[in-house]
Amino acid sequence: MKNLLKINISLLIAFTLFGCQDWFDIENKNTIEEREFWQNEEEAFMGLMAAYSGLQNHGSMGGNSAAQMPTRSDIGRPSIWNDQYVELSKLLFNDNTSIVKLKWADLYTTVFRTNQILDQVPDIIDMEEDAKELCLAEAHFIRGICYYWLYSTYNHGSIILHTTVAKGKDEIAQPLSAKEDVLALIISDLTYAQERLPETWDDIYKGRATWGAATAFLGQVYINEHEYVKAQDEFAKIIERDDLYQLTPEIGWNFDKDHEFNSESIFEVSFSDTQKPNGGGVIVDGPSGTEGTRRGVYLAPSGANGSRLSMPSYWITMLFQNDEMDPTDPRNDGLTHSIRSQYSIVMADDDYEYYQKHPTDVHGTFKNKESSYLRKFQNWWDEYEAIGTKTISGINERVIRLADVYLLYAECLIQNNGDGGTFEAVHYINRIRTRSAVMPLDHNEYNTAEKLMEHIMYVERPLELMFEGHDTRWVDMRRWGVIKEQYDRLAKKKYYMSKKILFELPEDATEGPKGEEVLQEFQDASASYTPDYHNYFPIPIDELLSNPNL
């Protein structure tokens, strides 16, 4: 799939601007217009790859979104010098905030590309019907997940629907659709894809959407609408197919380049660190545009050529410190922290090398009261990969993996069966914990729905999935209705650092045991959080100013 995305899609740029032929009187003889494209299967394939490439964009699953969005939740902590990250963590975003505008623009750009496919491919004469059906199914899938991300991010789900390519300015300026209509289109698109996509692809085509990807997304849509029976049915379809999906032997296989498209991966967005001639390290269409993510440089410390714009919160750093290792598992012999912890974040007393050095020996680490950094999706095992001239990473973003489905399925079991669902739910949670040599849960201790849900919400999902997926943690907290409760709880917690290690203090403490400064977080978010305003991003100002129907 990485090779497929390197296809030159510059032919599509000429008609990426909606309705541009109506606004200019002079015809550019050097461009290919839409009426000259979409003539055969090869051009349909190029259009499809352009749609897939939209998922790489900074506002979709690219570096800005992947690095910045976690700071809106309880798992991320912004750097002290980047206002965009700080404002998001304090819930000071508005309709002019950069990530609010960027995500909207990038997702709708990808929607437009899928609509081109859906409009044009059915009329291509020089294309087999089976190939058409498959191309249309992939386009429905991509459009479905883009609208799902827009629906779950903006304006309480009431957004603009474009189901065909606009022919002029009047068709571009559409009013907002009711959230019920948006949800219906998402389910329709994903169901269409689920019924037609293959279960697997040949190796050369890995990365393209599959039946499992459509099924997992449908489950996510249903669970976030509190349709737990429907969600459980979809997740069960994935779990029952252990011929297709299994947990990887090591959790770290889900975060590196060497094990992409593995048995646990259900859908991931492909990236490549190949530098193109005259490329500036920025994801753009055309022959000079790269297809790398800048997540690595945004999150790595300065000594690894990074900016450390965001990092794990104090709360989740302590959660990883307390991730209980199974003393009977020989993999834990001599370790300070759990395997899951050390493949997810890096702390000063870590057992693993970080960019081929001890973490405290990497220049720029643990300054400014920083307690940990991301290891996930980082090139931390290769000093020269990070410190060299490259400013992009080729590590794929795993959007949905089997461990995520296990935990969502466990939640459905609890919601649908109460205390009676806890035994089976613990079974799936323990599969995840055992994989990382973490102490399994005791069925007898976690035999009530309330206690097991508390564990899922505040331990298992944040530890297993931090900084993964598309705004996963925020969507989880909103589904559970615990955002205010969690912010208030965490705002009271106090910490201090000694020898670059984070420790927790009693809530009434005024200093550390040796006079160390008291550290706190989330006070601003706790004080300002208002569900109606903060649960979703607003419609961006650019759309409000340019669309007379809003």
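A compact table of results
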| read-out | value |
| --- | --- |
| Residue match in region 150-168 (condition: free of Cβ contacts under 8 Å to residues at least 40 places away in the same chain, outside any loop (DSSP other than H, G, I, E, B) and either among the β-branched types (Val, Ile, Thr) or over 28 Å from Asn535 (Cβ atoms) (or both)) | no |
| Unmet requirement for Val284, which otherwise passes all of (1) among the hydrophobic types (A, V, I, L, M, F, W, C); (2) within 30 Å of Gly364 (Cα to Cα); (3) at pLDDT below 90 | (2) |
| Residue in region 407-414 that is closer than 22 Å to Glu264 by Cα and under 18 Å from the mean Cα position of the chain (by Cα) present | yes |
| Candidate set from region 517-534 (those that are of a type outside the set (Gly, Ala, Ser) and surrounded by 15 or more Cβ atoms within 10 Å (Cβ to Cβ)); member that is farthest from the chain's Cα centre (by Cα) | Leu519 |
| Residue satisfying condition, being surrounded by fewer than 16 Cβ atoms within 10 Å (Cβ to Cβ), at pLDDT 95 or above and aromatic (Phe, Trp, Tyr), within set Trp211, Trp201 | Trp201 |
| Residue pairs meeting the criteria (Cβ under 7 Å; at least 6 apart or on separate chains; first farther than 16 Å from Glu370 by Cα, in region 499-518; second surrounded by 10 or more Cβ atoms within 10 Å (Cβ to Cβ) and aromatic (Phe, Trp, Tyr)) | Leu505/Tyr495; Leu505/Tyr496; Gly512/Tyr496 |
| Those residues of region 353-375 which are crowded, with 18+ Cβ neighbours inside 10 Å and part of a loop (DSSP other than H, G, I, E, B), in sequence order | Tyr355, Val362, Thr365, Phe366, Glu370, Ser371, Ser372, Arg375 |
| Filter pass, Tyr352 being within 24 Å of the chain's Cα centre (by Cα), of a type in the set (Phe, Trp, Tyr), more than 19 Å from Arg461 (Cα to Cα) and at pLDDT below 95 | no |
| Selection status of Thr153, closer than 21 Å to Arg478 by Cβ, in contact with a helix residue (DSSP H, G or I) (Cβ under 7 Å, 6 or more places away or on another chain) and of a type in the set (Ser, Thr, Tyr) | yes |
| Meets criteria (at pLDDT 95 or above and closer than 26 Å to Tyr154 by Cβ) for Met477 | yes |
| Lone unmet requirement of (1) surrounded by fewer than 18 Cβ atoms within 10 Å (Cβ to Cβ); (2) more than 22 Å from the chain's Cα centre (by Cα) for His226 | (2) |
| Candidates Ser79, Ser89 - the one that is at pLDDT below 95, small (Gly, Ala, Ser) and buried (at least 16 other Cβ atoms within 10 Å of the Cβ) | Ser79 |
| Subset of region 194-244 (residues that are in contact (Cβ under 8 Å) with a residue 24 or more places away in the chain and in a loop (DSSP other than H, G, I, E, B)) | Leu197, Pro198, Glu199, Thr200, Gly207, Ala209, Thr210, Glu225, His226, Arg241, Leu244 |
| Residues within region 299-325 that are buried (at least 17 other Cβ atoms within 10 Å of the Cβ) and either in a loop (DSSP other than H, G, I, E, B) or not assigned by TED's automatic domain parsing to the domain that holds His363 (or both), tallied | 9 |
| Residue within region 255-262 that is modelled with pLDDT of 95 or more, touching a Lys or Arg at 6+ places or on another chain (Cβ under 7 Å), crowded, with 17+ Cβ neighbours inside 10 Å and of a type outside the set (A, V, I, L, M, F, W, C) present | no |
| Residues of region 398-449 that turn out to be assigned to a loop (DSSP other than H, G, I, E, B) and aliphatic (A, V, I, L, M), as a count | 3 |
| Residue, nearest to Val269 (Cα to Cα), within region 376-393, restricted to residues that are assigned to a loop (DSSP other than H, G, I, E, B) and at pLDDT below 85 | Ile392 |
| Unmet requirement for Glu464, which otherwise passes all of (1) touching a helix residue (DSSP H, G or I) at 6+ places or on another chain (Cβ under 7 Å); (2) closer than 30 Å to Phe537 by Cβ; (3) outside any helix (DSSP H, G or I) | (3) |
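Listed here are the residues, each with its yes/no results for (1) surrounded by fewer than 19 Cβ atoms within 10 Å (Cβ to Cβ); (2) modelled with pLDDT under 95; (3) of a type outside the set (A, V, I, L, M, F, W, C).
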residue	(1), (2), (3)
His140	no, no, yes
Ile145	no, no, no
Tyr148	no, no, yes
Thr153	no, no, yes
His156	yes, no, yes
Lys169	yes, yes, yes
Gln174	yes, yes, yes
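The values are calculated or read from the model by the stated rules, or taken from the named source; none is laboratory data. As the structure is a computational prediction, the values presented were derived from the model and not from experiment. Reconstructed Cβ throughout: ideal geometry from the backbone, glycine too, with neighbour counts over all protein chains shown.
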